[in-house]
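Data first, discussion second: the structure below is written as structure tokens.
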């Protein structure tokens, strides 16, 4: 079977110089059975794992345990072209026999897995990349040992020491291969990073939601439909791990693998092998409002105002709109198939107001329920322009402004994490506060508005 996803076996974690960009791109996980052990083996769940994960584009992937095979790849003797990653393990898992937990069960399975590679003889680069939402065990294959995590893995053979930048669908990682490290390895796996996020106690599968993975990459040619030989049921898959294809789904619109390094090294691959079984669970379309804010001021003797809404939701053919403070519908626009939506109303808002943001993705994913509507408070924007402590005078100075230039709300300053009240700022839309000398400076300042806006800045220390 042509399947490089076996590269996701466990390895030593090595730190990169710069970590990948973090984002919340997994939306939900199967909550299990409320009020009792969440994933009991006798409740129809045969493994003790969460049944599914959902990403911010709305796709829901089951734990992939089907023995459906690819209709695009001819199997080889002893190696069926499974649509799920089911790696045989002698003495532990025999894939020719029924999957039975825990007596004949893989030591690692996947809700989602993707990989890519670059082999470039001219530059001397040999790189593999893998991403996964993995189901594994803390120790032996047994109930009570189940855990999950989000994984990104990068391994590279390099030709010379130096700084290498790897751009991939879930971020950018920078590695400094020192001359000493290159001498020790000869360049072989001089870059060897595994970043696992979300490993928690057995039965808690929420940690993977905080990882780098998501939305799920998916083949531009999919989804694929195959038959489960054990049930006779038709199943849909976001990709085929037995072939390499163009994909979409990167939250940064970087649907490729690229490495740049010393001496002009710059090479990339645009194809991936992807595995993930689409669930038949019915769930609402995701909708995460990042900001709903307003601004208003005077211009030419009149009031100029706007209401701005930023939302994460499924990209087209999904649609997103919001009702502004007057009840008018505003159609939002999406950026680069990443799921980032923006819309603006030029209505002068009444404050306080609650907007209604609605996301619909049933055209792309028929199993999604009715459109999701999320209420969100409309707030002003607060901007801290100065947070400064003078050592010579012992005085803290705070300057901040509100986007409401017509009827500026009260602004109040607090010490960062402690939340201790510092005081109210005075002035119009641009306000300031300078407490009595001798104030011990906090590390950060938070300024909040009576109309809901807030901003946080680090305190700068000056002489």
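The values are calculated or read from the model by the stated rules, or taken from the named source; none is laboratory data. Quantities reported herein were computed from a predicted structural model and do not represent experimental measurements. Ideal geometry is used to build each Cβ from the backbone, glycine not excepted, and the neighbour counts take in all protein chains shown.
Inspect all residues belonging to the stretch 41-54 and state whether any of them is buried (at least 23 other Cβ atoms within 10 Å of the Cβ) and not in a loop (DSSP other than H, G, I, E, B).
For the stretch 41-54, residues buried (at least 23 other Cβ atoms within 10 Å of the Cβ) and not in a loop (DSSP other than H, G, I, E, B): present.
Within the stretch 362-381, identify whether any single residue is touching a strand residue (DSSP E or B) at 6+ places or on another chain (Cβ under 9 Å), touching a residue at least 12 places away in the same chain (Cβ under 8 Å) and farther than 30 Å from residue 55 by Cβ, and answer yes or no.
yes
Considering only residues that are touching a strand residue (DSSP E or B) at 6+ places or on another chain (Cβ under 8 Å) and closer than 13 Å to residue 156 by Cβ, which ones fall in the stretch 168-192?
168, 173, 174, 175, 176, 177, 187, 188, 189, 190, 191, 192
With the requirement that a residue be within 24 Å of the chain's Cα centre (by Cα) and buried (at least 23 other Cβ atoms within 10 Å of the Cβ), what does the stretch 157-192 give you?
If the condition is that a residue be within 24 Å of the chain's Cα centre (by Cα) and buried (at least 23 other Cβ atoms within 10 Å of the Cβ), then 164, 166, 168, 169, 170, 173, 175, 191 are the ones that fit.
Name the residues in the stretch 266-317 that are closer than 25 Å to residue 240 by Cβ and either crowded, with 20+ Cβ neighbours inside 10 Å or without any contact (Cβ under 8 Å) to a residue 12 or more places away in the chain (or both), would you?
Passing the criteria: 272, 273, 274, 275, 276, 277, 278, 279, 314, 315.
Looking at the stretch 20-34 only, could you name the residues that are part of a loop (DSSP other than H, G, I, E, B) and either within 16 Å of residue 209 (Cβ to Cβ) or modelled with pLDDT under 75 (or both)?
Scanning the stretch 20-34 gives 20, 21, 22, 23, 24, 25, 30, 31, 32.
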